[in-house]
Structures are given as structure tokens and as C-alpha cells.
1. With the requirement that a residue be basic (Lys, Arg), assigned to a helix (DSSP H, G or I) and more than 18 Å from the chain's Cα centre (by Cα), what does region 61-99 give you?
2. Looking at region 113-159, which of the residues that are among the charged types (D, E, K, R) and part of a helix (DSSP H, G or I) is surrounded by the most Cβ atoms within 10 Å (Cβ to Cβ)?
3. Here are Ile60, Ile109: which of them is at pLDDT 95 or above and surrounded by 14 or more Cβ atoms within 10 Å (Cβ to Cβ)?
Amino acid sequence: MPEQFVLKGDTMQDDLSFRIPIPEEPKGKLISAEEAEKMFLAKLKKCENELENTLWNLAILYSRTGRQEVAMNYITRLMANTDDPEKKAHYFMNIGQMMEQIHNYQAAITFYRQAFSLEPVNSEAWYYINNNLGYCLNHFSRYEEAESFCRAAIKIDPGRHNAYKNLGISLEGQGQFTEAAKLYIKSVQANAANPRALKQLEELLARHDEVSTDIPDIQAQLEKCREAVGLAQRIQRGFEDRLNNRANE
């Protein structure tokens, strides 16, 4: 996991603190996606003892380069080679994520439910299955149903940001605007490097002035969130610049 540091407030909102992940620079030589593909395909032909790892690396590579159908073929091969329900749940979850990437949220729900039915022990997988189900259900305005999955994800790992944002969306969809605003802020606090919760918060406050009645200092909290997200983005740009410099050496 990348290192993190905490940005603490120093005003009337000094109870607000924000976690900002510090990207970890990869070791070794940087190569292109095309070079990585050639390397993994060559290894696939030669290294039978590394078959599972190589298939997985190819699936990730194709998923990240917009070739989800090819990626799914490799994950299907992985699923055919195991009877381990934990691994199968992980693979179903990843196919669901690929369906999200191509905006097929109904198919994603189907795969996440298959993963859910296997009840994986791994807490990270269990978190994302619940969170991602909530995320997809929100897309169909199934807010009450989404809420239960988001709350389950938060209970599994309260330190992650995703489910706070998705729970905020489900509560906003149910008209609970003040609680939604609090959850968006909590999501930014958990990971200021992800700006989506800030965007949700800004849009919510633009539509519902009444939140200011329940949270009198909401604008000041909003500014703190903006500062944290801005700092996280500057850190990310610096990291990307260093990688580009390495690639051009």
C-alpha cells in the first residue's frame, strides 16, 4: 500500500483531517503496454509453472488498455483452472469491474452477485463486492437497496473512501441531503486523492441550500475539502512528471 500522510486543519474545522496517499514509484525499467504484452505472451508459451500469474497479468494489462473482452477471456481461463471459491469470487468481482469500465452496470451487478454468493473470506474482496454492488445499484436509482451494501462495506473496512461516497449518493437519492453531505466529506477525508466525492458535495450544496441550516460551517468544510483535493492532485502531477522523466531518460 502506498504511504500516506494526514493533512490536519488549523481553524474552527480543526477536527477535519485528510488522508493523502503518496504514490510509490515502480522499480526497474519502465516499459510500454505493447512491450509488456509481448513479454507476458512469450512467458505464457514457455512458463507453465507461472501460468496463473501470467494469465492474471495479461487480464490486468488488457483491462487497463481498454480491451475488456480480451481480458475477460483470460479471467475465464483462470476460473476454469480452479475450484477454489475464494479465487472464483475474486475473478467474478474483476469481471464485474470490467463491465463497469464499459458502462454495462446491469452485467456488473450479475457478476458481483455471483461473487457475493461465494462469500469470500478475504476482507478486501468482500469490501469491494459490497461497495461495487452499491455503486451499480445507485446507477439504477435503487437507492435503498444500494444503501445496505454500502453500509456493509463500511463495516468491513471503515478506512476506505469508496463506500462513504456511494452511501452518500444512495442517501441523497432518498432525500437525506445533510447526511449525504457528511458522507461526501468523510469520503474526501479518507482519501483526498479521489476527487469524485468533492464533486458530489459541490453539486449537492449547489442544489440544496437547506444543508447550510443543519451544518452552519459547511462552506468552510467545503473549502478544506477543496484544499486537500488540490494538494493531492499536485502530488499526483509531480509523480507523473517524475515517471515521464524516467521514461525519457
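1. Residues of region 61-99 that are basic (Lys, Arg), as a first pass: 64, 67, 77, 87-88.
With assigned to a helix (DSSP H, G or I) added as a condition, the list becomes 64, 77, 87-88.
The answer is Arg77, Lys87, Lys88.
2. Going through the qualifying residues, I end up with Glu147.
3. Working: Ile60 fails: at pLDDT 95 or above.
Matching residue, one of Ile60, Ile109: Ile109.
The values are calculated or read from the model by the stated rules, or taken from the named source; none is laboratory data. Fair warning: this is a prediction, and the values are worked out from it, not measured in the lab. As a convention, Cβ positions derive from the backbone with ideal geometry for all residues, glycine included, and neighbour counts pool all protein chains shown.
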